[in-house]
Amino acid sequence: MTHRESRRQTLYMYLFIAPWLIGFLVFALYPILSSLYYSFTDYDIIHPPKYVGLANYTEMFQDDLFWKSVVVTVRYTFISVPIQLLLALGFALLLNTKIPFRGFFRTAMYFPSMVSGVAMSLLWYWIFNPSIGLFNYVLSWFGISGPSWLMSPDYALYALMIMSFWTVGSGMILFLAGLMSVPASLVEAAKLDGAGRFRIFLNVTLPMISPVLLFQLIMGVIDSFQVFTQAYVMTQGGPNYSTWFYVYNLYTSAFKEYRAGYSSALAWVLLIVVMLFTALIMKFSNRYVHYEGGGRK
Amino acid sequence: MRTIPTASPSASPSTNKRRRKIDVVSIASFIALVVTTFLMLLPLFFMVSTSLKSKKELLKFPPTFLPDSWEWSNYKEIFETLNFGQMYMNSLIIGTLTVVGTLLSSALAAYGFARYRGKGSNLWFMLMLSTMMLPYPAIMIPQFILFSKLNWIDTFLPLIVPAFFGSAYNIFLLRQFFSTLPDELFDAGRMDGCSELRMWWRIALPLSGPALATVAIFAFIYSWNDLLTPVLYLSSSDKFTLPVGMSSFTSSRFRIPPWHLLMVASVLAMLPIVTLFAIAQKRFVEGIVLTGIK
């Protein structure tokens with residue numbers, strides 16, 4: 001490439017990416033850095049920020065509500081994300097076979113994922129109604145008398161987990177896409193070698209779809225660290241803070257208590273945790289995730 | 001291509017036996033599917049049927065699966081009592097403009113990353129990818145302060161303007177797509193004296209239908225369903241989007257929320273998404289394949 005040509009390339013590259021670049025600086029880089037700065041200040045948004053050093057961070061770690069929100073969020077993530085992935089993968093495996101009405105089942109499974117977060121929250125709020133709701137009625141068919149779900153500090157978080165399983169259809173579609181790209185020749189070869197159903201799944205299918213699995217694991221964890229809609233619409237963090245999710249805590253301290261400094265400290269801790277988790281999962285995956293062609297991405 | 005042929009034309013006794021074993025598994029999985037699909041569809045069915053019930057019937061236990069009397073007037077009532085039409089319009093306007101902004105800016109940046117190897121392009125590309133992991137709550141407070149300094153609070157601007165500056169996920173998806181377009185096309189365009197921008201508009205974009213459709217659908221769905229951003233910025237009820245308005249029904253104003261009307265709202269809120277899905281079903285799944293893995 002001549003000098004002239006490379007300058008031309010650089011010029012056009014920057015011209016085309018200019019909108020994104022400006023957006024990156026204004027809507028991502030500047031907010032991240034200023035939120036780092038705010039996190040060391042006392043700031044109510046109206047008066048100018050006042051530097052307080054690490055006070056916000058030390059306060060956070062002594063704050064019961066902070067720890068409550070961490071426990072709620074981590075519990076929700078560690079229970080619901082693995083079950084969601086298992087369900088999604090299970091349905092995808094079932095629907096990747098030559099089963100009758102396959103198209104109908106695929107669409108039906110995906111359908112709930114088209115209900116928006118708020119509509120879904122409202123619907124399930126109504127379904128979980130302890131006395132006249134659908135959920136306990138269906139349980140009563142099996143002789144179970146259900147708890148009062150969202151009204152009960154012991155069960156509210158589980159209710160939200162159950163609700164999250166309703167939208168495994170979108171994950172299922174991703175797995176289906178992954179399964180369809182597994183070369184039939186590999187499966188055939190394993191079959192000729194006398195491998196059974198389970199062995200084929202373990203030694204052929206699973207390694208081939210591991211990138212999809214990894215992708216969904218990362219996204220699932222990141223998403224559930226950021227649960228907000230359910231807490232806002234269905235429980236307002238209650239009862240007795242049993243659904244006091246991290247981002248709900250962050251939102252409340254910033255926009256209900258006007259403590260932007262403290263809230264920025266919360267935001268930075270979230271950012272660091274998300275980055276750590278992503279890095280951890282990526283590192284772990286280098287050993288176990290197979291990418292086509294043998295190379296790593 | 002996607003399934004393995006189950007039986008060869010000359011099935012020997014042993015493969016016959018194997019087939020029967022598979023059939024038992026298939027029947028079991030079929031039954032499992034029927035049961036779970038029933039359970040998955042039940043809440044949706046309940047949503048639609050509740051939307052057609054009378055206020056009195058809501059309080060019946062056990063809940064009725066089909067309405068005793070079909071109150072189609074609920075669908076009229078919601079537009080008359082809850083400012084629903086306005087909210088619906090607001091969401092449509094914001095969603096449409098978000099799609100336009102996302103398509104233009106993301107396609108521009110994606111083209112820049114795909115077709116030019118300039119100084120620093122790798123660095124910017126890596127930075128762009130890293131913003132995909134950036135949680136919105138981590139940046140929302142300074143953004144809020146920024147937009148309030150610009151006097152954009154209680155306007156649609158904070159919900160629309162950022163879309164015109166590209167979003168990482170969509171840029172990445174489109175870049176992957178643009179990279180597959182053959183160089184010869186653009187060489188030919190250059191010979192004909194096409195400007196670079198014109199080649200983007202006349203060559204790259206028209207060839208990217210499925211990828212652009214995917215980006216458009218995702219951008220629309222995201223904007224249509226988003227609650228957190230509009231909750232932060234919109235305060236007067238005539239500016240509410242659908243999610244904000246609907247979530248406000250459960251709070252103070254109504255002691256007992258009008259559940260039948262809320263279910264009407266939920267059904268109607270689902271409508272554009274279902275329509276999009278129905279129109280672009282094949283594209284949609286292809287797009288998910290495109291975005292999901294590579």
Mind telling me which of the residues B:Leu33, B:Leu39, B:Leu44, B:Leu59 ends up being on the phi < 0 side of the Ramachandran plot, more than 7 Å from chain A (Cβ to nearest Cβ) and of a type outside the set (Ser, Thr, Tyr)?
B:Leu39
For the structure I just gave you, tell me whether B:Asp226 is open to solvent by less than 50 Å² (accessible area, probe 1.4 Å), at pLDDT 85 or above, under 30 Å from A:Thr252 (Cα atoms) and of a type in the set (D, E, K, R).
yes
Assess whether A:Phe198 counts as being among the aromatic types (Phe, Trp, Tyr) and either open to solvent by less than 50 Å² (accessible area, probe 1.4 Å) or touching a Gly at 6+ places or on another chain (Cβ under 8 Å) (or both).
no
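I want to confirm something. Restricting to region A:53-96 and keeping residues that are within 30 Å of A:Glu257 (Cα to Cα) and β-branched (Val, Ile, Thr), which single residue is farthest from the chain's Cα centre (by Cα)? Steps first, please.
Keep residues of region A:53-96 that are within 30 Å of A:Glu257 (Cα to Cα), which gives A:53-78.
So of that shortlist, the ones also β-branched (Val, Ile, Thr) come out as A:58, A:70-74, A:77.
Details: A:Thr58: 28, A:Val70: 15, A:Val71: 16, A:Val72: 15, A:Thr73: 11, A:Val74: 12, A:Thr77: 8 Å.
Result: A:Thr58.
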Can you tell me which condition A:Ser253 does not meet? The list is (1) in a loop (DSSP other than H, G, I, E, B); (2) of a type outside the set (Lys, Arg); (3) within 21 Å of B:Leu228 (Cα to Cα), and all the others hold.
(1)
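Please enumerate the residues belonging to region A:102-150 that are hydroxyl-bearing (Ser, Thr, Tyr), closer than 30 Å to B:Leu228 by Cβ and free of Cβ contacts under 8 Å to residues at least 12 places away in the same chain.
Of all residues in region A:102-150, those hydroxyl-bearing (Ser, Thr, Tyr) come to A:107, A:110, A:113, A:116, A:121, A:125, A:131, A:137, A:140, A:145, A:148.
From the residues that got through so far, the ones that are closer than 30 Å to B:Leu228 by Cβ too are A:107, A:110, A:113, A:116, A:121, A:125, A:148.
Hits for region A:102-150 are A:Thr107, A:Ser116.
Conditions tested, residue by residue: (1) modelled with pLDDT of 85 or more; (2) under 24 Å from the mean Cα position of the chain (by Cα); (3) on the phi < 0 side of the Ramachandran plot.
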residue: A:Lys98; (1), (2), (3): no, no, yes
residue: A:Met109; (1), (2), (3): yes, yes, yes
residue: A:Ser113; (1), (2), (3): yes, yes, yes
residue: A:Ser131; (1), (2), (3): no, no, yes
residue: A:Pro153; (1), (2), (3): yes, yes, yes
residue: A:Ala159; (1), (2), (3): yes, yes, yes
residue: A:Met163; (1), (2), (3): yes, yes, yes
residue: A:Gly171; (1), (2), (3): yes, yes, yes
residue: A:Glu188; (1), (2), (3): yes, no, yes
Where a residue in region B:125-154 is more than 9 Å from chain A (Cβ to nearest Cβ) and closer than 25 Å to B:Asn170 by Cβ and its partner, wherever it lies, is of a type outside the set (A, V, I, L, M, F, W, C) and open to solvent by 50 Å² or more (accessible area, probe 1.4 Å), with Cβ under 7 Å and at least six apart
B:Met132/B:Tyr169
Set A:Phe111, A:Phe61, A:Phe91, A:Phe105: member being out of contact with any His (no Cβ under 9 Å at 6 or more places or on another chain), surrounded by fewer than 15 Cβ atoms within 10 Å (Cβ to Cβ) and of a type in the set (Phe, Trp, Tyr):
A:Phe61
Qualifying positions in region A:10-58 - surrounded by 18 or more Cβ atoms within 10 Å (Cβ to Cβ), among the polar types (S, T, N, Q) and in a helix (DSSP H, G or I):
A:Ser34, A:Ser35, A:Asn56
Pair list, Cβ < 7 Å and 6+ apart or interchain, from region A:76-101 residues that are more than 13 Å from every other protein chain (Cβ to nearest Cβ) to residues that are outside any helix (DSSP H, G or I) and not hydroxyl-bearing (Ser, Thr, Tyr):
A:Tyr76/A:Val227
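Condition check ((1) of a type in the set (Val, Ile, Thr); (2) open to solvent by 20 Å² or more (accessible area, probe 1.4 Å); (3) within 23 Å of the chain's Cα centre (by Cα)) across all residues:
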{"position": "B:Asn151", "(1), (2), (3)": "no, yes, no"}
{"position": "B:Asp154", "(1), (2), (3)": "no, yes, no"}
{"position": "B:Ala168", "(1), (2), (3)": "no, no, yes"}
{"position": "B:Phe172", "(1), (2), (3)": "no, yes, yes"}
{"position": "B:Gln176", "(1), (2), (3)": "no, yes, yes"}
{"position": "B:Phe186", "(1), (2), (3)": "no, no, no"}
{"position": "B:Gly209", "(1), (2), (3)": "no, yes, yes"}
{"position": "B:Ile221", "(1), (2), (3)": "yes, yes, yes"}
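So, in region B:27-51, how many residues would count as being without any contact (Cβ under 8 Å) to a residue 40 or more places away in the chain and either in a loop (DSSP other than H, G, I, E, B) or touching a Phe, Trp or Tyr at 6+ places or on another chain (Cβ under 8 Å) (or both)? Before the answer, list the steps.
Here is the first cut: in region B:27-51, the residues without any contact (Cβ under 8 Å) to a residue 40 or more places away in the chain are B:27-46, B:49.
Next, from what is left, pick out any that are either in a loop (DSSP other than H, G, I, E, B) or touching a Phe, Trp or Tyr at 6+ places or on another chain (Cβ under 8 Å) (or both): B:33, B:36-37, B:40-41, B:43-46, B:49.
Residues meeting the conditions: 10.
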Over region A:147-164, the set of residues of a type in the set (Ser, Thr, Tyr) and in a loop (DSSP other than H, G, I, E, B) is A:Ser148, A:Ser152, A:Tyr155
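On the given criteria, is A:Thr278 outside any helix (DSSP H, G or I) and either open to solvent by less than 40 Å² (accessible area, probe 1.4 Å) or in contact (Cβ under 8 Å) with a residue 40 or more places away in the chain (or both)?
Numbers: outside any helix (DSSP H, G or I): no; either open to solvent by less than 40 Å² (accessible area, probe 1.4 Å) or in contact (Cβ under 8 Å) with a residue 40 or more places away in the chain (or both): yes.
No; evaluated as a whole, the condition is false for this residue.
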Inside region B:106-149, can you point out the residues that are open to solvent by 30 Å² or more (accessible area, probe 1.4 Å), within 25 Å of B:Ala216 (Cβ to Cβ) and outside any helix (DSSP H, G or I)?
B:Met132, B:Met133, B:Leu134
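I'm checking my understanding of the structure. Among residues of region A:114-146 that are outside any helix (DSSP H, G or I) and open to solvent by less than 20 Å² (accessible area, probe 1.4 Å), which one is nearest to the other protein chains (Cβ to nearest Cβ)?
We begin by selecting, within region A:114-146, every residue outside any helix (DSSP H, G or I); these are A:115-116, A:128-133, A:142-146.
Narrowing the set further to residues that are open to solvent by less than 20 Å² (accessible area, probe 1.4 Å) leaves A:115-116, A:128, A:133.
On the way: A:Val115: 6, A:Ser116: 4, A:Phe128: 11, A:Gly133: 7 Å.
Out of the qualifying residues, it is A:Ser116.
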Among residues of region B:47-56, those that are buried (at least 17 other Cβ atoms within 10 Å of the Cβ), more than 9 Å from chain A (Cβ to nearest Cβ) and within 23 Å of the chain's Cα centre (by Cα), counted
0
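The values are calculated or read from the model by the stated rules, or taken from the named source; none is laboratory data. Remember, it's a predicted structure, so these values are computed and weren't measured experimentally. As a convention, Cβ positions derive from the backbone with ideal geometry for all residues, glycine included, and neighbour counts pool all protein chains shown. Remember, those area values only see protein heavy atoms, side chains included, never the ligands or the DNA or RNA. Shrake-Rupley method; radii C 1.70, N 1.55, O 1.52, S 1.80 Å.
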